[in-house]
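Data first, discussion second: the structure below is written as C-alpha cells.
We did not get these values from a lab; they are worked out from the coordinates using the rules stated. Please read these numbers as outputs of a predicted model, since none were measured by experiment. Cβ coordinates were reconstructed from backbone atoms using ideal geometry, including for glycine residues, and neighbour counts include every protein chain displayed.
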Amino acid sequence: MVRRLSAEEAALWRKVVETVRPLGAPAPPRETTPTPAPPPSSPPPPRISPALSRKTTPPRAAPGTTLDASWDRRLSRGLVAPDVTVDLHGHNLATAYDLLDRRLAQAVAHEARVILLVTGKPPRDDRRPVARGAIRAAVGDWLAASRHAGDIAAVRGAHPRHGGQGALYIVLRRRRAPAG
C-alpha cells in the first residue's frame, strides 16, 4: 500500500524536484540578487609582518613522532623490556586516567624509558560500532593533553609478547643533562 503525500509534503517535494538536474546537464543560470555593500566600519587593523608573527622557539614534536628507525624496529620485534607496566583492567574512565597520570609522573621522576600500558583488548562483538574499548579510545587524547605530553617521545602498539592489540608502549624522552 502506498501512502499519498499531504499538500504540505507535496509542496516541499516540488521544491526539491526544482533543484534537481540530470547528470551531465548544464546547471541552470542562477538568479542573483545584488548584495548590499557592508556599512563602513573602523579602519582595518595594521598588518603584522610574517617574520614578526612567527614563534621564536620551534614547537616541540607531538607525542609519537620522534623515534628513529632502530627504536621502531626494536619495539615492533618485542626486543624492548618495559621499565614500568600500567594495567588499566577493571578501571572506569576516571580512575584509569588518574592511575595513568600518577604512573606517568612516577616514571618521569624515575627516568624510566619505556612504559607498557595495558588497556585490554576490545570485546569481539560485531554489533559495536567502535572496534576498541572506551579506555583504549581515550588514551591518545589523554596523552596528548597530559601535563606529561612534553616527556613522551612516542606511543606505539605493543608486541604480542607484551599484550599485542591490548597494550601500548609509551616511550619517554631521555632527559638531557644541563650544559654547564
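Structural remarks
- Working from label points 7 Å from Cα in the Cα-to-Cβ sense, the Arg174 to Glu9 distance is 7.1 nm.
- Each of Leu93, Leu116 has some number of other Cβ atoms within 10 Å of its Cβ, and from fewest to most they run Leu93, Leu116.
- Percent of alpha-carbon pairs separated by more than 17 Å within region 69-172: 51 percent
- Amide H to amide H, with H built 1.01 Å from N, Gly157 comes under 5 Å of Tyr169, counting only residues 5 or more places away or on other chains.
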